[in-house]
1. Could you grab the relative contact order for the range 11-62? Cα pairs under 8 Å, six or more apart, rounded to a whole percent.
2. Arrange the following residues from fewest to most other Cβ atoms within 10 Å of their Cβ: Ser21, Ser7.
3. Test of understanding: ordering Arg5, Arg54 by Cβ neighbours within 10 Å, fewest first, what list do you get?
4. Would you mind ranking Met1, Met29 so that the residue whose beta carbon has the fewest other beta carbons within 10 Å leads the list?
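All of the numbers you see were taken from the coordinates with simple rules; none came from a lab. Keep in mind that what you see is a predicted model, and the values were worked out from it rather than measured. So basically every Cβ, Gly included, is an ideal-geometry build from the backbone, and we count neighbours across all protein chains shown.
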Amino acid sequence: MGIKRLSIPLEADQHKAIKLSASLHGQTMKEYILARLFAEDHRVPNKKTLNALREMEQGKNLTTYDNVDDFFKEMKSIHEKYQNHSRKPDEKRSRTHAEKRERS
């Protein structure tokens, strides 16, 4: 079948926007465009996901648990840390609004 090349004339700002979006997703421009083009029927994993899958297949950086309860305890802990971290800005805003009301 062979590799085919595609050339698309773009304005500089369009090129920059695609490049930035691809970078933010950890993908090359090609990976990003293909992922968007085939989003419904084909997902293209980004570099971080590909590296994680490669490491898993090689048995690198794996975490093991003695039982499923230990696994779920750690997942719960991670989830709670994430939830607490994501709430801090809202809590800070709430205190700021409350402080403003007290000062008024």
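1. Across the range 11-62, relative contact order equals 23 percent.
2. Final ranking by Cβ density, sparse to dense: Ser7, Ser21.
3. Arg5, Arg54
4. Met1, Met29
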